[in-house]
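The values are calculated or read from the model by the stated rules, or taken from the named source; none is laboratory data. Keep in mind that what you see is a predicted model, and the values were worked out from it rather than measured. Cβ coordinates were reconstructed from backbone atoms using ideal geometry, including for glycine residues, and neighbour counts include every protein chain displayed. Areas reflect the complete protein model, heavy atoms only, side chains present, ligands, DNA and RNA absent. Shrake-Rupley method; radii C 1.70, N 1.55, O 1.52, S 1.80 Å.
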Amino acid sequence: MTTGRGLGMGLGVGADFGRGTVGARLAAAWLRGERQSDDTGIGQYTGELTLDLNKRGQVHPVFGVGFGVARVNKPEGSGNVGIGIARFGLEYSLGLEDTDVRLGGGITGVLPGPADREVSDVKPYALVGANVAIGF
């Protein structure tokens, strides 16, 4: 996460559902500002519909669209923001026989919607991430 003065890191988790081309994803991400003393951060919780354009191949372009809520903490106050998201990811399958293991990365664009008064000035933002996925 950044406010323009540097870069702050975060952690994300997700669970994908569905074995076909169309699926669903539940995800959460926790990010903090670039300086620990700023007391800035976002907790983001989303659900989305996904589309895997090459389900049987080794390289998987994955698109997702959905919505959720973000909890924003700023020095001036904290509050919740409704968000809409669009995600593009590219994953590489390791081709293991019994398990679907993938390495990948992606970018998620976030458009804020209705918000509490304390955080009504939140602008659109993007998350960039790398991931390891293990499927059964």
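Can you tell me which residue among Leu103, Leu51, Leu111, Leu26 is part of a strand (DSSP E or B), at pLDDT 95 or above and touching a Pro at 6+ places or on another chain (Cβ under 8 Å)?
Leu111
For the list (1) in contact (Cβ under 8 Å) with a residue 12 or more places away in the chain; (2) touching a Leu at 6+ places or on another chain (Cβ under 8 Å); (3) of a type outside the set (Phe, Trp, Tyr), I need the number of the one condition that Val81 fails.
Unmet condition: (2).
Could you look through the range 36-48, keep only residues that are surrounded by fewer than 17 Cβ atoms within 10 Å (Cβ to Cβ) and in a strand (DSSP E or B), and pick out the one that is modelled with the lowest pLDDT?
Among those that are surrounded by fewer than 17 Cβ atoms within 10 Å (Cβ to Cβ) and in a strand (DSSP E or B), it is Gly43.
Does the range 54-72 include one or more residues that are open to solvent by less than 60 Å² (accessible area, probe 1.4 Å) and within 20 Å of Met9 (Cβ to Cβ)?
Yes, the conditions are met somewhere in the range 54-72.
Of the conditions (1) touching a Lys or Arg at 6+ places or on another chain (Cβ under 8 Å); (2) crowded, with 16+ Cβ neighbours inside 10 Å, Gly33 satisfies every one except a single condition; which number is it?
The number of the failed condition is (1).
For the range 78-136, how many residues are under 14 Å from Ile42 (Cβ atoms), open to solvent by less than 30 Å² (accessible area, probe 1.4 Å), over 15 Å from the mean Cα position of the chain (by Cα) and not aliphatic (A, V, I, L, M)?
1
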